[in-house]
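Below you'll find the structure, written out as structure tokens, and then a few comments.
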Amino acid sequence: MKAGKLRLSKPNKYWIESSQKRYVPCVEDTVLGIVVDTKPDNFLVDIKGPNLAFLPVLAFEGGTRRNIPKFEIGTLIYARVVKANSIMNPELSCTDAGGKAAEFGPLKDGYMFETSTGLARMLLSSPMCPVLEALGKKLSFETAVGLNGRVWVNASSPSNVILVSNAIMRSEFLSGTQQRIMVEKLMDRLQ
């Protein structure tokens, strides 16, 4: 049994959307992972799931045996889950379905924090999440949101990174209107 909101995708796909700390990998999820070990053929990546994920060294745009990326332990990576089931470790890729890098790959600078999976889904929802929309009208910043509950924020100044991060963390249980009001109050304090 699971508590949450019943969602429908036409014609007949139903699922329960809930907010939880534990992440269960699904194919095509975008995730933020941390490299925990390097092997000759792949990287072991922590994606907050039950098992570590594999990121093959060839799972990058233009990946060949001569062109192997070098990642140190602790590198933050934005990737896509390409294989996932309950008995094997998930497999990641840093390319989209067409083999292009798109937005995937290592994330430099910025700040990463953890949230619930429900907040991560809300940030990725369409139409655009009210807190991100309100912040985007006032500030210039970058975000990467993983369905595993990790969020990365980068901006031109540390104060902007802190403001955006705090606004996102506070927005989880607020309505759209409350999120916009909160952003206005935060911006007033900044000036």
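Just so you know, all these numbers are worked out from the coordinates, no wet-lab data involved. For clarity, every value in this text was computed on a predicted model and none was experimentally measured. Here Cβ is always computed from backbone atoms with ideal geometry, including for glycine, and neighbour counts include all displayed protein chains.
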Inter-site label distance for Arg22 and Leu8 at 7 Å from Cα along Cβ, in nm | 3.0 nm
Can you work out ³J(HN,Hα) from phi for every residue in the stretch 73-88, in order, using Karplus 6.51 cos²θ - 1.76 cosθ + 1.60 and θ = phi - 60°, giving whole Hz and x for Gly and Pro?
-> 5, x, 5, 8, 10, 9, 9, 10, 7, 10, 9, 7, 8, 6, 10, 10
Over 22 Å between alpha carbons, listed pairs Lys100/Lys138; Lys137/Lys185; Lys108/Lys185; Lys21/Lys137 = Lys100/Lys138; Lys108/Lys185; Lys21/Lys137
Quick one: which residues, 5 or more positions from Lys83 or on another chain, have an amide H under 5 Å from its amide H? H modelled 1.01 Å from N in the peptide plane, none for Pro or chain starts.
-> Glu91
For the stretch 111-189, with only Lys/Arg (+1) and Asp/Glu (-1) charged at the beta-carbon, what is the dipole magnitude about the Cα centre, in debye rounded to 20?
-> 100 debye
Subtracting the Cα-Cα distance from 0.36 nm times the residue separation, let me have the gained length for Asn67 to Gln178 in nm, one decimal.
-> 35.1 nm
Return the sequence-ordered ³J(HN,Hα) values of the stretch 28-42 in whole Hz as given by the Karplus equation 6.51 cos²θ - 1.76 cosθ + 1.60 applied to θ = phi - 60°, using x for Gly and Pro.
-> 6, 5, 9, 9, 9, x, 10, 5, 10, 6, 10, 10, x, 9, 7
